[in-house]
Amino acid sequence: MTDATGDGGQVQGAAIEDYLAELRTFPPPEEFARSALVSDRTMYEQAEADPEEFWAAQARALTWFEPWDQVLDWQLPFARWFIGGRLNVAFNCLDRHVEAGIGDKVAFYFEGEPGDRRTITYAQLLDEVGRCANALRSLGIERGDRVAIYMPMIPELPVAMLACARIGAAHSVVFGGFSADALRDRIEDASARLLITADGGWRRGHAVELKANADHALSSGARSIENVLVVRRLGDAAGNLVMQEGRDHWWHELVSGQDPHSPAEAMDAEDLLFLLYTSGTTARPKGIMHTTGGYLTQVAFTHRTVFDLKPETDVYWCAADIGWVTGHSYIVYGPLANGATSVLYEGTPDFPGRDRWWSIIERYGVTTLYTAPTAIRTFMKWGTEYPAAHDLSSLRMLGSVGEPINPEAWIWYWQQIGGGRCPVVDTWWQTETGAIMISPLPGVTTLKPGSATFPLPGIGAEVVDDAGRKLERGGGYLTLTRPWPAMLRGIYGDPERYRQTYWSRFEGRYFAGDGAKVDDDGYLWLLGRVDDVMNVSGHRVSTTEVESALVDHPSVAEAAVVGANDATTGQVIIAFVTLKLGLEVGHEHAEVLRAHVVEKIGAIARPRVVIFTDDLPKTRSGKIMRRLLRDVAEGRDLGDTTTLADPAVVAELRRRAATGSGEE
Ligand code: PRX
């Protein structure tokens, strides 16, 4: 491992310039590589030689009721995979494991936030899914219907999803943190007939009353809903819960009495498995469509290879919420398709104490942790004493998803959580891609902190310039060059918006909306959403690189930078910085950080203003809302902030921006 950063050799006038060079490298630990599922490049070569045959081979790892007659039909931008093939996702996730004799194996170790625990085996999960499927049928739900799901992170959530899949209804899971209005809009867009919810869930010690929200949604619209199925989670803690006669049904009354046997529908490979709405900040949400055969093929393949899954011994924990695509693909469908044992945790990382996650890892002997940079930076802010107080030696693999991971956050994760022995896979993908696209394979790839490294076998990804020409080196736009099995099949009800949003910017390519750069070794580095690129004196500077330079300073836990309009330079850089807890720094610290950025990147990236803040405004999925920060920086009206995790953060930032803390 070398430790140096330096001049990135920027190219003037490039689509996005490239300033930060991270030179530390981490080859796969020898012992890890020796027993890894994939330990050489053969799979990449085979996939490159014949991508369709490669994906067909992965699809054969699933159980099909009918084989397909054609692997791919590609009418740009519409793809169909495994045409004519028939299968059932729930059958693949449950029945085939029970039939193979591993029914007693643990599927989920569930831990509720208050400390309640349940261990659920594959056989038990199959029974519960069968009962739920029969309950859905008893409510008139049929193949082809849509079912909205609005639930906390309890086992009944994956049960409900799998029951839909079993009978061929598509689910639309709406994250439990969303408002009644957001729920109503999504129900209406999908014309869902049934809503599955709970009286509520636990979050940071408080009861979140989901049924009350659902009632608001249904009283203000959402007329397509005929029945509501309600899980009792809170019991007496659930305030004044009203069950509407004829419409609302308790889960424990309706589901528990059903027969556990329920036939799994033979679905077409291209039947809709689910809709998942991408949480736009203001624009109308897009119902991203995912289908059956291709989706399951790619999530199962990526879950197995990216996390080097050893299903007999691993205890895998994806700490996302099932309400996001990460939870759909890597808590529910990928792990269950692979017969893995997972942890499912309901609550927040700081309840009752800031060591909750580490106590969970210790208790269940978690081997594999998959989380987001926002969580890692929060743990950095809290300090090392919380993980240090627990035995984390069971861990052997770490993963990151959702945002670019700053190199220093990567190193912290590697050292403080992974004990310097666990490969860290930085996985790039989107709700739209359905499954991981760009990621290391931990037994093969030499890691560079902050780089998602290379496209996975079978995936085509290239960085292009403004004119859509492939770049061998430097910064530009990330595009995908060929269809992939788990790709979105469209935006529900709006094929034209699908074509416009993803396929119109570059001819024949899918444009993800992200900036990326390629380094001298061909590694890919994600640079954030291109809408966030700043233009400083004619240079296009990536927010991610300046943020990483700030986080590189030992005092900084998290940083967000935005460009604010400036008459002289086009834009100036405004930095919002959260320091590690317990640090006392004076006003002059802003200058220290500015100088640090200049040293790491160059004078071009020097922030004009540094605003210190205890928190940054984030979406519910943990992404920093740069649009809002730009508005704060430029003193604009903020518009709708209800999709924020904590709207109070913005008011506080405004106050600090107005008093100009740290202005140069
Ligand atoms: O900007 C990229 C960022 O998250 C976006 C996709 O967000 P979403 O659909 O909510 O899905 C998140 C979970 C898959 C991308 O366009 N993103 C996701 N993973 C990474 C990332 N940015 C950099 N590095 C990643 N590993």
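Atom-type composition of the exposed protein surface of the chain places 47 percent of the accessible area on carbon and sulfur (1.4 angstrom probe). The peptide list 67-79, 259-271, 505-517, put in order of mean Cβ contacts within 10 Å with the highest first, becomes 505-517, 259-271, 67-79. Full extension of the chain between Arg654 and Arg363 gives 100.5 nm of extra length, using 0.36 nm per residue less the Cα-Cα distance. Remark: the Cα gyration tensor places the range 345-464 in the prolate category, a/c being 1.5 or greater and a/b exceeding b/c. Rolling a 1.4 angstrom probe over the protein heavy atoms with all chains in place gives the range 161-308 an accessible area of 35 Å² per residue.
Sequence gap at least 6, Cα distance under 8 Å: using those rules, report the relative contact order of the range 253-356 to the nearest whole percent.
Across the range 253-356, relative contact order equals 20 percent.
Here Ala603 and Glu30 are evaluated by their C-beta separation; at R0 = 56 Å the FRET efficiency comes out at 0.85.
Listed peptides 319-330, 90-101, 585-596 appear in the order 319-330, 90-101, 585-596 once ranked by packing, highest mean of other Cβ atoms within 10 Å at the front.
Round to the nearest 0.05 the FRET efficiency obtained for Leu37 and His206 when R0 = 35 Å and r is the Cβ-Cβ distance. With a Förster radius of 35 Å, E is 0.25.
For the range 70-135, the square roots of the Cα gyration tensor eigenvalues, ordered a ≥ b ≥ c, give a/c of at least 1.5 with a/b greater than b/c, which places it in the prolate category. Extension gain, Asn240 to Asn535, is 100.9 nm, computed as 0.36 nm per intervening residue step minus the present C-alpha separation.
Annotation: Arg304 carries an accessible surface of approximately 60 Å², with a 1.4 Å probe and no ligand, DNA or RNA atoms counted.
Considering only alpha-carbon pairs that sit under 8 angstrom and 6 or more positions apart, the relative contact order computed for the range 409-540 is 19 percent.
On full extension, the segment bounded by Asp391 and Ala467 gains 22.2 nm, given 0.36 nm per residue less the C-alpha separation. Find the centroid of the Cα atoms in the range 178-220 and in the range 93-137, then give the distance between the two in whole Å. Here the answer is 25 Å between Cα centres.
Legend: distances between Cα atoms for Lys381/Lys623; Lys470/Lys623; Lys211/Lys286; pairs beyond 20 Å are Lys470/Lys623; Lys211/Lys286. Within the straight-line cut-off of under 30 Å between alpha carbons, the lysines reachable from Lys310 are Lys105, Lys448, sequence neighbours fewer than 8 places apart in one chain being disregarded.
Evaluate E = 1/(1 + (r/R0)^6) for Glu584 and Glu253, where r is the Cβ-Cβ distance and R0 equals 45 Å; express this FRET efficiency to the nearest 0.05.
0.20
Comparing Trp410, Cys422, Phe379 along the charge dipole axis of the range 324-473, the residue lying farthest to the positive side is Cys422, per the Cβ-charge model. Ranking Ala14, His216, Thr368 by how far each Cα lies toward the positive end of the dipole of the chain (charges on Cβ) leaves His216 at the top.
Screening the chain for DSSP H helices whose Cα atoms reach 18 Å or more along their own axis and whose mean Kyte hydropathy is at least -0.5 gives 122-138, 293-306.
Using a cut-off of under 16 Å, list every residue of the range 442-472 whose amide N is near the label point 7 Å from the Cα of Asp520 along the Cα-to-beta-carbon line. Those under the cut-off are 448, 472.
Write out the GluC sites (Glu not before Pro) in the range 423-505 meeting two conditions: DSSP loop, and at most 13 other Cβ atoms within 10 Å of their Cβ.
Here the GluC sites (Glu not before Pro) that fit, given the DSSP loop and packing criteria, are Glu472.
Restricting the range 228-300 to trypsin sites (Lys or Arg not before Pro) that sit in a DSSP loop and have at most 15 other Cβ atoms within 10 Å of their own Cβ leaves Arg247.
Each of Ala605, Gly235, Ser548 was placed along the dipole of the chain (beta-carbon charges, centred on the mean Cα), and the one lying farthest toward the positive end is Gly235.
Taken per residue, the accessible surface of the range 477-626 reaches 36 Å², heavy atoms only and a 1.4 Å probe.
Rounded to the nearest 20, the size of the Cβ-charge dipole of the chain about its Cα centre is 580 debye, with Lys and Arg at +1 and Asp and Glu at -1.
The values are calculated or read from the model by the stated rules, or taken from the named source; none is laboratory data. None of these values were measured; they are calculated from a predicted model. Glycine also receives a Cβ, built like all others from the backbone with ideal geometry; neighbour counts cover every protein chain displayed. Keep in mind that these areas ignore ligands, DNA and RNA; they rest on the heavy atoms of the full protein, side chains included. Shrake-Rupley method; radii C 1.70, N 1.55, O 1.52, S 1.80 Å.
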